Amino acid sequence: MMARDRSEKLRLVFTLKPRSGKTVTITEKPKIEVQRRYGELSALEALEAILSVLGTLQLDDKLHANGRPIKLNNLLASAKNTDHLGQFETTTLVFNYGAVANAELCQVIIAEKIAGAAIDWEKWAAPFIVSPHFVQAWIADVEYDKWQNTEDPLIYKAANRDYSSLPMRSNGLPPPVEQMVIDISQNPGRWEFRSGYIEAVGSIMWLSDLFWRYVGSNRKEWLAEFSQAKTEQLTENVLRVEVFETSFKDQSTRDLQDRLRNVLYG
């Protein structure tokens with residue numbers, strides 16, 4: 001396997017459970033109630049899959065959250081009882097699980113703190129893509145993904161990163177909160193929440209039958225005709241797609257990213 005000098009992350013998308021109608025009170029004065037949404041892939045299932053791969057790859061399984069160590073039994077019990085997980089980490093990896101209610105999906109994100117820490121993304125994807133609720137997944141370069149999707153100039157200033165040549169647009173809010181933000185709408189590495197899925201491209205992607213239902217089954221046929229794509233049917237419902245030997249990390253692959261996006265999403 002090729003050694004890497006840049007950190008990557010794996011992002012996996014799953015369906016949400018239907019609305020239950022039940023609400024949770026988050027404040028009493030004034031009384032504010034919200035309707036919590038839960039992923040069809042439960043927090044416990046996600047955690048058990050993560051622990052399984054950590055064991056298979058013999059990786060550090062000492063867990064931390066908010067800078068403090070957490071006991072595995074407590075985390076398992078919490079995931080089972082609340083169906084909530086949030087963010088936790090090991091010394092080299094960061095894990096995040098949660099629902100995105102306004103996009104009708106839930107997601108698992110596994111990110112490296114150190115390049116190559118995940119060892120094998122195929123092994124990380126394997127226990128998740130067999131879920132009947134799996135929609136899509138892809139590998140992204142951590143830094144490239146961040147800057148391709150950062151709109152706030154303050155984040156650039158904090159990183160001492162020049163943005164003077166980047167296109168700008170209004171944030172669309174009325175005065176006095178209107179401000180100019182970076183226009184990422186044409187960035188090849190941008191991702192956008194859609195209803196039930198995320199519009200994104202990666203050099204390696206896993207796409208399920210649920211994904212094709214969202215974007216249109218004809219796009220699977222168009223992908224089959226895309227000359228750069230190497231496809232493999234991993235399961236009855238999941239297709240693995242590879243279009244480049246490394247994760248996208250700069251504008252040198254812009255044309256390929258744009259063409260793949262056009263094939264998958266139009």
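The values are calculated or read from the model by the stated rules, or taken from the named source; none is laboratory data. Keep in mind that this is a model prediction, so the values were computed, not measured. In this analysis, Cβ positions are derived from the backbone assuming ideal geometry, glycine residues included, and neighbour counts consider all displayed protein chains. Surface accessibility is based on the protein's heavy atoms, side chains included, excluding ligands, DNA and RNA. Shrake-Rupley method; radii C 1.70, N 1.55, O 1.52, S 1.80 Å.
Do we have any residue at all in the stretch 200-209 that's free of Cβ contacts under 8 Å to residues at least 24 places away in the same chain, more than 17 Å from residue 265 (Cβ to Cβ) and among the aliphatic types (A, V, I, L, M)? The answer is no; no qualifying residue exists. Contact annotation: residue pairs with Cβ atoms under 7 Å, 6 or more positions apart or on different chains, pairing a residue in the stretch 88-105 that is at negative phi with a partner that is acidic (Asp, Glu), are 90/60; 90/61; 91/60; 92/60; 92/112; 93/112; 95/89.
Only one of 194, 240, 190, 219 is of a type outside the set (Gly, Ala, Ser) and over 18 Å from the mean Cα position of the chain (by Cα); which? Testing whether each residue is of a type outside the set (Gly, Ala, Ser) and over 18 Å from the mean Cα position of the chain (by Cα) leaves just 219. Quick one: in the stretch 170-204, which of the residues that are charged (D, E, K, R) and outside any strand (DSSP E or B) is surrounded by the most Cβ atoms within 10 Å (Cβ to Cβ)? Going through the qualifying residues, I end up with 190. Take residue 72 and decide whether it is on the phi < 0 side of the Ramachandran plot and out of contact with any Phe, Trp or Tyr (no Cβ under 6 Å at 6 or more places or on another chain). Spelling it out, residue 72 is indeed on the phi < 0 side of the Ramachandran plot and out of contact with any Phe, Trp or Tyr (no Cβ under 6 Å at 6 or more places or on another chain). Restricting attention to the stretch 209-225, the residues that are open to solvent by less than 80 Å² (accessible area, probe 1.4 Å) and either within 15 Å of residue 136 (Cβ to Cβ) or of a type in the set (Ser, Thr, Tyr) (or both) total 9. Just one of the listed residues (12, 76, 59) is open to solvent by less than 80 Å² (accessible area, probe 1.4 Å), of a type in the set (A, V, I, L, M) and part of a loop (DSSP other than H, G, I, E, B), namely 59.
Considering only residues in the stretch 15-40 that are open to solvent by less than 60 Å² (accessible area, probe 1.4 Å) and modelled with pLDDT of 75 or more, the one that is farthest from residue 247 (Cα to Cα) turns out to be 27. Of the residues 232, 192, 199, the single one that is closer than 26 Å to residue 3 by Cα, in contact with a strand residue (DSSP E or B) (Cβ under 6 Å, 6 or more places away or on another chain), modelled with pLDDT of 95 or more and not hydrophobic (A, V, I, L, M, F, W, C) is 232. Scan the stretch 69-119 for residues that are touching a Lys or Arg at 6+ places or on another chain (Cβ under 9 Å), aliphatic (A, V, I, L, M) and within 17 Å of residue 9 (Cα to Cα) and jot them down. Residues satisfying the conditions are 93, 94, 108, 109, 110, 111, 115, 118. Report yes if some residue within the stretch 134-141 is more than 17 Å from residue 247 (Cβ to Cβ) and either open to solvent by less than 10 Å² (accessible area, probe 1.4 Å) or more than 16 Å from the chain's Cα centre (by Cα) (or both); otherwise report no. Within the stretch 134-141, one or more residues are more than 17 Å from residue 247 (Cβ to Cβ) and either open to solvent by less than 10 Å² (accessible area, probe 1.4 Å) or more than 16 Å from the chain's Cα centre (by Cα) (or both). Close Cβ contacts (under 6 Å, 6 or more residues apart or on different chains) running from residues in the stretch 29-49 that are more than 26 Å from residue 128 (Cα to Cα) to residues that are loosely packed, with under 11 Cβ neighbours inside 10 Å comprise 32/26; 33/25; 34/24; 34/26. More than 14 Å from residue 261 (Cα to Cα), hydrophobic (A, V, I, L, M, F, W, C), assigned to a strand (DSSP E or B) and open to solvent by less than 70 Å² (accessible area, probe 1.4 Å) - does that describe any residue in the stretch 232-242? Yes, that holds for at least one residue.
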